[in-house]
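Student: Structure in structure tokens, see below.
The values are calculated or read from the model by the stated rules, or taken from the named source; none is laboratory data. Being a predicted model, the structure only gives us computed values, none of them experimental. FYI the Cβ positions are ideal-geometry reconstructions off the backbone, even for glycines, and counts take in every protein chain you see. Keep in mind that these areas ignore ligands, DNA and RNA; they rest on the heavy atoms of the full protein, side chains included. Shrake-Rupley method; radii C 1.70, N 1.55, O 1.52, S 1.80 Å.
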Amino acid sequence: MSDLGSIVKKIVSSGKGILAADESTATMTKRLESVNVNSTAENRLKFRNALFTSDELKKCIGGVILYDETLKQEINGETIPKIISKSGSIAGIKVDTGAKKLAGSNGEKITEGLDGLRERLQEYYKLGARFTKWRGVYSISNMFPSKIAITSNAHALARYAALAQESGMVPIVEPEVLM
């Protein structure tokens, strides 16, 4: 079995799932400030460490999607991917850079981040990530999705997936359907 196949099997072994811990700094700031905690890098790390070292993570989670900041952090000299690995899970990384207005469309979105992706993937692999996530944003209505949105997103997703596999990581596509 290929390394990619082994990674997938480990992530979904024994009915386990994936924990999305890839909130941006802005989203984590909202989360922490809602409970009167300052959003410092240290406090964001403490919050995430509580998740990554919980007994339930070991039982239920096969993969953890991280944010760039988190992938690069350490606790007591140990990297976050190493901590996740010790719990029996695999570290992954969100690699898109956000959804933006799709040029030529009527307000639809395209996920960006292909520029420089090959180099980011190589760095993330060295840091311990073994799978990646990319959002594909689709609006659904009487008018949408348009042909340009379908084609543009399919092209971006295919390029992303090929680059992830080239880097030795499993690509995961997260369809974000906006009704």
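Student: How do 114, 66 stack up against each other in accessible area, from largest to smallest, with a 1.4 angstrom probe? Each step should come with its number before you reach the end.
Tutor: On the way: 114 30, 66 0 Å².
From most accessible down to least: 114, 66.
Student: By the gyration tensor of its Cα atoms, with a ≥ b ≥ c the square roots of the eigenvalues, what is the shape of region 93-149: rounded for a/c under 1.5, prolate for a/b over b/c, or oblate? Walk me through the numbers on the way to the answer.
Tutor: On the way: a/c = 4.34, a/b = 2.61, b/c = 1.66.
Prolate shape, in that a/c is at least 1.5 and a/b is the bigger ratio.
Student: Straight-line reach from residue 126: which lysines have Cα under 28 Å away, leaving out those fewer than 8 places along the same chain?
Tutor: Within the straight-line cut-off, residue 126 pairs with 9, 10, 16, 46, 58, 59, 72, 82, 86, 94.
Student: Give me the percent of accessible area attributable to carbon and sulfur for the chain, probe 1.4 angstrom. List each step's numbers first, then the result.
Tutor: On the way: 5090 of 9550 Å².
C and S atoms contribute 53 percent here.
Student: I'd like the Karplus ³J(HN,Hα) series for region 135-151: coefficients 6.51, -1.76, 1.60, θ = phi - 60°, whole numbers in Hz, and an x wherever there's a Gly or Pro.
Tutor: For region 135-151, the Karplus curve yields 7, x, 9, 10, 8, 10, 6, 5, 9, 10, x, 7, 4, 5, 5, 5, 5 Hz.
Student: While we're looking at this one, here's another question. Taking Cα centroids, how far is region 1-71 from region 103-179 in Å?
Tutor: Taking the Cα centre of each part, region 1-71 and region 103-179 sit 20 Å apart.
Student: Still on this model: With a 1.4 Å probe and all protein chains kept in place, how do 39, 6 rank by accessible area, largest first?
Tutor: Values: 39 30, 6 55 Å².
Descending accessible area places them as 6, 39.
Student: What ranking, highest mean first, results for peptides 70-76, 130-136 when packing means the other Cβ atoms within 10 Å averaged over each residue? Before the final figure, lay out each step's value.
Tutor: Values: 70-76: 15.9, 130-136: 22.9.
Highest to lowest by the protection proxy: 130-136, 70-76.
Student: So for each of 98-107, 21-30 I average, over its residues, the number of other beta carbons within 10 Å; can you give me the resulting order with the highest mean first? The partial results should precede the final answer.
Tutor: Values: 98-107: 13.2, 21-30: 15.6.
Per-residue Cβ counts within 10 Å, averaged per peptide and sorted highest first, yield 21-30, 98-107.
Student: I'd like the antiparallel share, as a percent to the nearest 5, of DSSP beta bridges with both residues in the chain.
Tutor: Working: 6 of 27 bridges.
Around 20 percent of the beta bridges assigned by DSSP in the chain are antiparallel ones.
Student: Another question, if that's okay. In terms of solvent-accessible area of protein heavy atoms at a 1.4 angstrom probe, what is the ranking of 152, 14, highest value first? Could you put the intermediate results ahead of the total?
Tutor: Numbers: 152 35, 14 115 Å².
In descending accessible area the options line up as 14, 152.
Student: With every protein chain left in place, what is the accessible area per residue of region 1-69 in square angstrom, probe 1.4 Å? Write out the running numbers ahead of the final one.
Tutor: On the way: 4000 Å² over 69 residues.
On a per-residue basis, 58 Å².
Student: Cα-based Rg (one decimal) and Dmax (whole number) for region 125-179, in Å?
Tutor: For region 125-179, the Cα-based Rg and Dmax read 13.4, 45 Å.
Student: In a solvent-free Debye calculation with one equal scatterer on each Cα, what is log10 I(q)/I(0) for region 80-179 at q = 0.13, 0.14, 0.25 Å⁻¹, listed in the order of the q values?
Tutor: -0.49, -0.56, -1.23
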